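Have a look at the structure below before the remarks.
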Amino acid sequence: MKDLIKIGIPSKGRLRKDVLNIFKKNKLKLISKRGDRDLFGSVKGKKNIQIIYLHAREIIERLADKSLDMGFSGLDLLKESEINIQKNIKVFKNYPYGKATLVVAIPNDFIDIFSMADLEEVAFEFKDKKKRRLRVATKYPNLTREFFYSKGVTQFSIVKSMGSTEISPFTGSSELITDITSTGSTLAANNLRIINDGYILKSELCMMVGKSSLKNKELQKLAKLLSTKY
Amino acid sequence: MKSKKLSEKILRSVKSKGFKYIDLPSVIEANHIVQRSGENFRKFIFSFNDQNGSELCLRPDLTIASCLRYLENNLKGKEKIFYSGQAYRKSQNKKDSIIRNQIGFEILGSKDEKNDDKEIINTSLKSLQNLKYSSGTLTIGNVEIFKLLISKLEIPARWKLRLLRHFWREDYFNDLLKRLETNADIDPTVVEVDKRIFLDLLKKDPSTVIAGRSIGEILKRFDTKMKDPRTASKGKKVSKIIRSFLKIKCPINNAAKELNKFFKKNKINLVVDQKYFPISANKVSKLNVMFSTSFGEQLEYYSGMVFKIDVKSNSKMVNCCAGGRYDGLISDLGSQKKIPAVGAAFNL
């Protein structure tokens, strides 16, 4: 169908629940013909809408390459993506859900590090003494690099992490981490604490629209509807 | 065509001063650059992997390629060299070209530093004669004076190192000065919480390693920090001295006088002789010669004398030549010894 509007919704987790709730509140009933595991869906009574359930990171990439028109994902993931991707996406609405912060965390025992300025100093000493750089494990290499540099921390290297980032200082793969947290309890449970001024980005659930789809009148209507009740 | 002719003329001028032409590789190992300039430099380089997994990049500037050549060929003693070609760098400013045409000349491995500084400036001035311009400025600075000043100030050693490390990053350096004026390094409420951990750590074996750092190392730094606090009032005074130092700008023949006046006023035990500067005439051909203390900021690898030449051409001021001393660069790239280096480049 020519005017089909394709919408990406996170396939798992908190974000998925929050998005489904937003649809419900605006009286849009989502249907999955083959049950909960079906990765395609539709909206009752709206033949021109197709729902696709995807990983939250992929939703952003698919918006940029135009295979989705609208998508729901975290602001953190958008800001982490490459500049060419960000250029093609507009944040249409921020929701008060999925609130979380990307932070810099160090082992509790690093009592000599209080601020990013301390970290800057330790990073230089570390390089001088051990002839290698302090390693930061993260799922967010771009945001981390940018933030560290803005705080004067230049002597570090990035270790890309896929998950369970919290344990990497204790498994020998890094000295510190940056990670997304909402309450800080996972960090605390893993013997980590947040550096005093180590707050990189506040994130929340967003409705994003591919810039080339912005002109579509039907999509505009839908986007406005989904921005009213949440 | 016109610029090709011009670059040929400049190359001839440099050659006539006794420099030897060398060829430089277009592709170098990215590791060298990232090790020297840190992760953030990745944003500027064009890098790729070869079949063995080594990361390579297009040379982001010719100086690095030339210093690597000196290092990798195990060269010793004095070399006077020049080179020309393209350097490739991504820019955040969309209008900037990613390709820069450079002509560079350098004196490497020579201990006659003062004379070499002069020779590089003189070679730049001679090459400049090939350019058409109505007037211009030769600005001279020296990072070393800043280093000496910092060493004489009353702040914790940690802060001295910090200020030196970030002198070349203007925005962050200003942030540092602001911080020096205001808050202290230690937050008493946090220290209270950390006391418990501190007492626990004291009981443990200091050689135990936690996340890459030994307990001994952590405790030692914690201890120095506690014993070496800094009061906001002293910080304010120091910051004021640094700020007023960075405002000094005058014709070159007044440089020593102005600096000594400043040192005396602020009770800093330093004296500079006019002979310290590579030039003492205020006018060289069509150029006004100025001394500036803040010049040298934004240029990371310079360690001593720095200079730049801006000329007025078609009623616009353009920077055409810049250079200075970078004694730390070759050792940063991996040399065991410190190798003196001074050079300049024409950007066409």
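The values are calculated or read from the model by the stated rules, or taken from the named source; none is laboratory data. This is a predicted model, so every value here is computed, not measured. A quick note on method: Cβ atoms are made from the backbone with ideal geometry, for glycine too, and the neighbour counts reach across all protein chains shown.
Taking the residues in segment B:333-348 that are of a type outside the set (S, T, N, Q) and surrounded by fewer than 18 Cβ atoms within 10 Å (Cβ to Cβ) as candidates, determine which candidate is farthest from the chain's Cα centre (by Cα).
By that ranking, first place goes to B:Leu348.
For segment A:186-216, name all the residues that are surrounded by fewer than 18 Cβ atoms within 10 Å (Cβ to Cβ) and under 15 Å from A:Asp76 (Cα atoms).
A:Tyr199, A:Lys202, A:Glu204
Kindly establish whether B:Gly141 is in contact (Cβ under 8 Å) with a residue 40 or more places away in the chain and either surrounded by fewer than 22 Cβ atoms within 10 Å (Cβ to Cβ) or among the aliphatic types (A, V, I, L, M) (or both).
Taking the combined requirement at face value, the residue does not satisfy it.
Pick from B:Gly235, B:Gly136: which is away from chain A (no Cβ under 11 Å), surrounded by 14 or more Cβ atoms within 10 Å (Cβ to Cβ) and closer than 22 Å to A:Asp197 by Cα?
B:Gly235
If you check A:Asp65 against the conditions, is it under 18 Å from A:Leu219 (Cβ atoms) and out of contact with any Leu (no Cβ under 7 Å at 6 or more places or on another chain)?
When the stated conditions are applied, A:Asp65 passes them.
How many residues does segment B:5-39 contain that are over 19 Å from B:Thr63 (Cβ atoms), modelled with pLDDT of 90 or more and not basic (Lys, Arg)?
4
In segment B:48-69, is there at least one residue being closer than 30 Å to B:Ser16 by Cβ and among the polar types (S, T, N, Q)?
Checked against the condition, which is being closer than 30 Å to B:Ser16 by Cβ and among the polar types (S, T, N, Q), segment B:48-69 yields at least one hit.
Select from segment A:154-168 the residues that are of a type in the set (Val, Ile, Thr) and under 17 Å from A:Leu102 (Cα atoms) and write down the one among them that is nearest to the other protein chains (Cβ to nearest Cβ).
Checking each candidate, the answer is A:Ile158.
When A:Val104 is evaluated against the numbered criteria (1) over 16 Å from A:Ser203 (Cβ atoms); (2) within 14 Å of another protein chain (Cβ to nearest Cβ), which criterion, by number, is the only one it fails?
(1)
For B:Gly212, which of the numbered conditions (1) without any contact (Cβ under 8 Å) to a residue 24 or more places away in the chain; (2) more than 9 Å from chain A (Cβ to nearest Cβ) fails to hold?
(2)
Out of all the residues in segment A:107-145, which are within 25 Å of A:Ala56 (Cα to Cα) and more than 8 Å from every other protein chain (Cβ to nearest Cβ)?
A:Val136, A:Ala137, A:Thr138, A:Lys139, A:Tyr140, A:Pro141, A:Asn142, A:Leu143, A:Thr144 - these are the residues of segment A:107-145 that are within 25 Å of A:Ala56 (Cα to Cα) and more than 8 Å from every other protein chain (Cβ to nearest Cβ).
For residues that are within 23 Å of the chain's Cα centre (by Cα) and either within 19 Å of B:Lys261 (Cβ to Cβ) or buried (at least 20 other Cβ atoms within 10 Å of the Cβ) (or both), tally how many sit in segment B:122-133.
Residues in segment B:122-133 being within 23 Å of the chain's Cα centre (by Cα) and either within 19 Å of B:Lys261 (Cβ to Cβ) or buried (at least 20 other Cβ atoms within 10 Å of the Cβ) (or both): 2 in total.
I want to confirm something. Restricting to segment A:169-187 and keeping residues that are within 9 Å of chain B (Cβ to nearest Cβ) and out of contact with any helix residue (DSSP H, G or I) (no Cβ under 7 Å at 6 or more places or on another chain), which single residue is farthest from A:Asn108 (Cα to Cα)?
Checked segment A:169-187; the qualifying residue farthest from A:Asn108 (Cα to Cα) is A:Gly172.
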